[in-house]
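Right, one structure below, let's go through it.
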Amino acid sequence: MSDPAPQLPAGMDLRTVEVPTPDGVVRGKVGVTSGPMGLTGLVRIACELTDALVARANRLEEEAGRTISCRAGCGACCRHMVPVSAPEAFYLMDLVDCFEPARRRAVIERLDRIVGMLEEHSMIDELLNPQHTDEPVLPIARKYFRLQMACPFLADESCSIHPHRPVACRDYNVTSSTEWCSRPYEHDIAKVLMPLPLSVSLARLTAAVTGDKPCLIPLTLVPRWVGAHGELRTRRWPGLELFDRFLAEVGPQVPSDRTDPGMVPGMAPGTASRSGGSKRRGAR
Ligand code: SF4
């Protein structure tokens with residue numbers, strides 16, 4: 001979010017956002033399309049808001065004497081199943097569609113190889129409809145990580161789409177050793193807790209406009225999922241109305257304590273972490 005107000009292009013309205021969190025209210029202004037807008041129009045807003053929340057959460061960690069370990073060139077967490085909401089899925093496909101042909105072909109080939117491996121291990125159905133257990137991490141998430149398939153956007157252990165990376169990638173930061181992130185189920189990873197998982201807000205908004213159950217989609221299954229949801233990809237709503245509906249979904253999920261809301265694809269969001277064994281900030 002930016003404050004004070006930026007110069008806005010024609011067709012954009014400046015809206016004030018106030019998001020209550022356990023650490024206080026986050027305030028800012030965002031530009032919103034006033035004309036017809038698709039679900040992807042909310043992704044930039046969710047990312048800006050997430051970045052503001054991450055900056056605040058990381059600052060609190062530093063004030064508490066803990067150092068954020070995440071750094072460029074460490075792609076250990078980029079071998080997890082990354083859950084994205086439908087608006088982010090459409091956004092990512094739009095992004096890939098804009099790549100120059102060789103880059104696009106390379107990404108699609110990497111995605112195809114990963115999907116082939118997931119098919120070989122009969123994991124696709126469970127990835128889209130995960131089985132719940134009493135474990136904090138879904139079995140399918142552990143299985144996915146064991147395959148050590150790098151995200152198709154990972155290049156030289158850095159994110160090749162860093163400014164466009166999904167919300168789940170933005171709000172995943174740790175203060176424990178980066179070495180541990182390569183073996184997350186053997187260690188208590190100290191994840192910086194985020195007060196609001198905005199990919200979940202986007203998933204809930206999508207459910208509200210479609211009448212379906214909220215779901216998150218594994219990043220590597222995005223092309224397949226988007227291919228099956230072409231009508232939703234092209235739907236448009238009045239931009240300001242869609243933005244207000246998104247904010248309405250952000251508000252009610254503010255947790256009353258610092259529990260980790262987690263990011264699990266395919267489920268009504270809310271119980272597990274992207275990696276195993278993450279510690280609560282308040283529990284360290
Ligand atoms: S999108 Fe980028 S940050 Fe996220 S998993 Fe892929 S390479 Fe890593």
Among (1) within 14 Å of the ligand (Cβ to nearest atom); (2) within 17 Å of ILE217 (Cα to Cα) - the single one SER160 does not satisfy: (2)
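From LEU193, LEU240, LEU205, which residue is touching a Lys or Arg at 6+ places or on another chain (Cβ under 9 Å) and either part of a loop (DSSP other than H, G, I, E, B) or among the hydroxyl-bearing types (Ser, Thr, Tyr) (or both)?
On the way: LEU240 fails: either part of a loop (DSSP other than H, G, I, E, B) or among the hydroxyl-bearing types (Ser, Thr, Tyr) (or both); LEU205 fails: either part of a loop (DSSP other than H, G, I, E, B) or among the hydroxyl-bearing types (Ser, Thr, Tyr) (or both).
Of LEU193, LEU240, LEU205, the one residue that is touching a Lys or Arg at 6+ places or on another chain (Cβ under 9 Å) and either part of a loop (DSSP other than H, G, I, E, B) or among the hydroxyl-bearing types (Ser, Thr, Tyr) (or both) is LEU193.
For (1) within 29 Å of CYS98 (Cα to Cα); (2) surrounded by 21 or more Cβ atoms within 10 Å (Cβ to Cβ), each residue gets a yes or a no:
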residue	(1), (2)
ALA141	no, yes
LEU147	no, no
CYS151	yes, yes
ARG170	yes, no
SER176	no, no
LYS191	no, yes
VAL222	yes, yes
Scope region 54-75; condition free of Cβ contacts under 8 Å to residues at least 24 places away in the same chain, of a type outside the set (A, V, I, L, M, F, W, C) and within 17 Å of PRO22 (Cβ to Cβ); matching residues: ARG59, GLU63
Qualifying position, being assigned to a loop (DSSP other than H, G, I, E, B), within 16 Å of the ligand (Cβ to nearest atom) and closer than 19 Å to SER160 by Cα, among CYS74, CYS47, CYS78: CYS74
Close pairs (8 angstrom Cβ cut-off, 6 or more residues apart or separate chains): closer than 13 Å to LEU95 by Cα and part of a loop (DSSP other than H, G, I, E, B) in region 152-177, near the ligand (Cβ under 7 Å from one of its atoms) and of a type in the set (Ser, Thr, Tyr) anywhere: PHE153/SER160
Matching residues in region 178-190 - criterion: being more than 16 Å from the ligand (Cβ to nearest atom), not aromatic (Phe, Trp, Tyr) and not in a loop (DSSP other than H, G, I, E, B): GLU179, GLU186, ALA190
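Since every read-out is calculated from the coordinates, none of them should be taken as a lab result. Everything quoted here is computed from the prediction, not taken from an experiment. Here Cβ is always computed from backbone atoms with ideal geometry, including for glycine, and neighbour counts include all displayed protein chains.
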